[in-house]
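See structure below.
Please treat every number below as a calculation from the coordinates, not as lab data. Small disclaimer: the values here were computed from a predicted structure and weren't measured. Every residue, glycine as well, gets a Cβ built from its backbone with ideal geometry; the counts of neighbours run over all protein chains shown.
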Amino acid sequence: MKQLDTLLDEARSGNRRSLSKLLTLVEEGHNSPLERGIGSSLGITGPPGVGKSTLIGKMIDVWVERGESVAVLAVDPSSPRSGGALLGDRMRMTNADSSDLVFVRSLATRNHPGGLMDCLTPMVDILSECGWTNILIETVGAGQSEIRVVAFANRILLVDGPDRGDIIQAEKAGIMELADLIVINKSDLPEAERAANAVRSALSVVEDESTPDVLMVSALSGMGVKELIDELVKTTTSHERERLRVRERLISAWDSALLTSPKLNDILQALEKGSVTLAEAVDSIRKDG
Amino acid sequence: MRIVVAKPGLDGHDRGAKVIARALRDGGHEVIYTGLRRTPDEIVRIVVDEDAGAVGLSSLSGAHSVLIPKVCEGLRKSQMDNVIVFAGGIIPEHDRKSLYEEGVRAIFGPGTTSSEILEFLTTMEERSESGDPVGVGEEAGWHW
């Protein structure tokens, strides 16, 4: 598509409007003009209300102070009923709207079948190609569908807090296994140290050199944020976690294929009537290829 | 539609903007809420980065005649001519004409129902499809 190439050329030379239009087209399902997977992103996830957006706001400040550019893709859920979405992440990134070194795009999940947000990889590629150094994908880590979103990032930072039983929730959702680095936010609160120790002890069961570090930060005061940025430079993923992320992506693509299969309705009816078994239904869809 | 709901200037009253943001979401739109105390430049930047089709400006502080035209002008300068601008809050009748001339397409005062705002947006989508001017940089004149 000619239009995409033109927009990409303009975006490469620093035109934000063209970059923005290009991201919209890719979000709507147009093929990216770039080779898939050339960019690299950091996924930031954690329970609701833990301070992810506020922390990202502070991280942005540090990067900008160091002269590095930051692009954020902030993902929030679409309403399953109306299809609409309220995207309020950027209101907590207070300095994000004035620096040329910062680009923030709010994205709704748009209820894709299987929770598949296939557009994230090409969007990261485009941002990377256009010279954005630090590319973040922010998503609420509340359940399975959000894990699927963040699995499209190349490294994952898990943000947790001291004020609830969040750690157990994170473990239940399986997000801790994917995290390359963990931070406990709200370190100004008295229970923060205890929460950090709880995470460390949960991780220590199978400790090896790839076990993620646990840092403490306060997005409110900014304490520990510079250290977090320094640590991120050194943080690498492990082969095991890479495999887990690829696995999540595959599962969401698989679910998406199932839910959009033209045979889906027939199979559901057959299952209702009891004329096929679940195993036969799966076989039938697989044969369909 | 993707819609930015913004609070320009030093106005600290955001109840109305938040109610509108939720109503638009429930009407099936993707709403980006900016939070309080945004400058016109910041609002323009947000509309560009978010590639929004419309921006709703909420003002209850009396600064609408200064701030809203600045947003309109900024959008035109950024080649965002097809963006729909609408406003709400406390905007006296005698200030409205000049805002419409700036390209504002609707001004909603107290007592407006959320369904009226949704209706306005549907109308704008229809106008846009049939090639009628809707954006801030397109021919002014028509307004809700």
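Give me Rg/Rg_expected for the protein assembly as shown, where Rg uses Cα atoms only and Rg_expected = 2.2 N^0.38 Å with N residues.
That ratio works out to 1.05.
At 7 Å along the Cα-to-beta-carbon direction for both A:ARG12 and B:HIS13, put a label point, then send me their distance in nm to one decimal.
Going by the 7 Å Cα→Cβ label model, 5.1 nm.
What order do you get for B:31-44, A:270-283 when each peptide is scored by the mean count of other beta carbon atoms within 10 Å, highest first? Present the calculation step by step, with values, prior to reporting the outcome.
Values: B:31-44: 21.6, A:270-283: 11.5.
Output ranking for B:31-44, A:270-283: B:31-44, A:270-283.
Tell me, what is the FRET efficiency for A:ARG81 and A:SER284 to the nearest 0.05, using R0 = 25 angstrom and their Cβ-Cβ distance as r?
For R0 = 25 Å, the calculated efficiency reads 0.20.
List the residue ranges in chain A for DSSP H helices whose C-alpha atoms run 18 angstrom or more along the long axis and whose Kyte-Doolittle average is -0.5 or above. Mind dumping the intermediate values first?
Details: long enough: A:52-65 (20 Å, 0.39); A:239-259 (30 Å, -0.70).
Helices passing the filter in chain A: A:52-65.
Please give the average number of partner chain Cβ atoms lying within 10 Å of the Cβ of each residue in A:93-100, rounded to a whole number.
Details: counts 1, 5, 1, 4, 11, 5, 1, 1.
What the average comes to for A:93-100 is 4.
Take every Cα pair under 8 Å in chain A that's 6+ residues apart, average their separations, divide by the length, and report that relative contact order as a whole percent.
Relative CO of chain A lands at 20 percent.
Could you rank the peptides A:63-72, B:109-118, A:49-58 by their average count of other C-beta atoms within 10 Å per residue, with the highest value first?
Result, highest mean Cβ count within 10 Å first: A:49-58, A:63-72, B:109-118.
Considering the Cα positions of the stretch A:34-238, please state its Rg to one decimal place and its Dmax as a whole number of Å.
When restricted to the Cα atoms of the stretch A:34-238, Rg and Dmax are 16.1, 48 Å.
Which distance in nm do the two modelled labels at A:THR235 and A:HIS30 give, with both placed 7 Å along the Cα-to-Cβ direction?
About 3.4 nm separates the two model spin labels.
Roughly how many Å is it from the Cα centre of the stretch A:65-90 to that of the stretch B:1-49, as a whole number?
13 Å
Helix-derived [θ] at 222 nm for the protein assembly as shown: sum -39500 (n - 2.57) over DSSP H runs of at least 4, divide by residue count, nearest 500?
Numbers: 16 runs with 188 residues, N = 433.
It comes out at -13500 deg cm²/dmol, rounded to the nearest 500.
Counting only residues 5 or more places away or on other chains, whose amide H sits under 5 Å from the amide H of A:ILE184 once H atoms are built in the peptide plane?
A:ASP160, A:LEU215, A:MET216, A:VAL217
What whole-number volume per residue, in cubic angstrom, does the convex hull of the C-alpha atoms of chain B give?
Residue-normalised Cα hull volume stands at 91 Å³.
Just to confirm my numbers, what's the Cα centroid distance between the stretch A:176-190 and the stretch A:9-43 in Å?
Between the Cα centre of the stretch A:176-190 and that of the stretch A:9-43, the gap is 31 Å.
Using a cut-off of 9 Å between beta-carbons, work out the net charge of the residues near A:GLY115 (Lys and Arg +1, Asp and Glu -1, A:GLY115 not included). Please report the intermediate quantities before stating the final value.
Values: positive: A:ARG148; negative: A:GLU146, A:ASP255.
Taking every other residue near A:GLY115 into account, the sum is -1.
Could you compute the net charge surrounding A:LEU157? Neighbours are other residues with a C-beta less than 11 Å from the C-beta of A:LEU157; K and R count +1, D and E count -1.
Details: positive: A:LYS52, A:ARG155; negative: A:GLU138, A:ASP160, A:ASP180, A:ASP213, A:GLU231.
Within the 11 Å Cβ shell, the charges total -3.
Net charge near A:LEU271, counting Lys/Arg +1 and Asp/Glu -1 over other residues with Cβ under 15 Å of its Cβ?
Counting the neighbours of A:LEU271, the net charge comes to -2.
Arranged by the count of other C-beta atoms within 10 angstrom, fewest first, what order do A:TRP254, A:TRP132 take?
Values: A:TRP254 12, A:TRP132 22.
Fewest to most other Cβ atoms nearby, the residues stand as A:TRP254, A:TRP132.
Using modelled backbone amide H atoms (1.01 Å from N, in-plane), which distant-in-sequence or interchain residues come within less than 5 Å of B:ILE32's amide H?
Residues meeting the amide H criterion: A:LEU87, B:ILE3, B:VAL4, B:VAL5.
Read phi for every residue in the stretch B:115-120 and hand back ³J(HN,Hα) as whole Hz from Karplus 6.51 cos²θ - 1.76 cosθ + 1.60, θ = phi - 60°, with x for Gly and Pro.
Each residue's phi maps through the Karplus curve to give 5, 5, 5, 5, 4, 4 Hz.
For peptide B:46-54, what's the mean number of Cβ atoms from other chains within 10 Å of each residue's Cβ?
Going residue by residue through B:46-54 and averaging, the value is 6.
According to the Cα gyration tensor, what semi-axes, each the square root of 5 times an eigenvalue, does the equivalent ellipsoid of the stretch A:172-228 have, listed from largest to smallest in whole Å?
For the stretch A:172-228, the semi-axes come out at 21, 12, 10 Å.
Count, for each residue of A:75-84, the Cβ atoms from other chains sitting within 10 Å of its Cβ, then give me the mean as a whole number.
What the average comes to for A:75-84 is 4.
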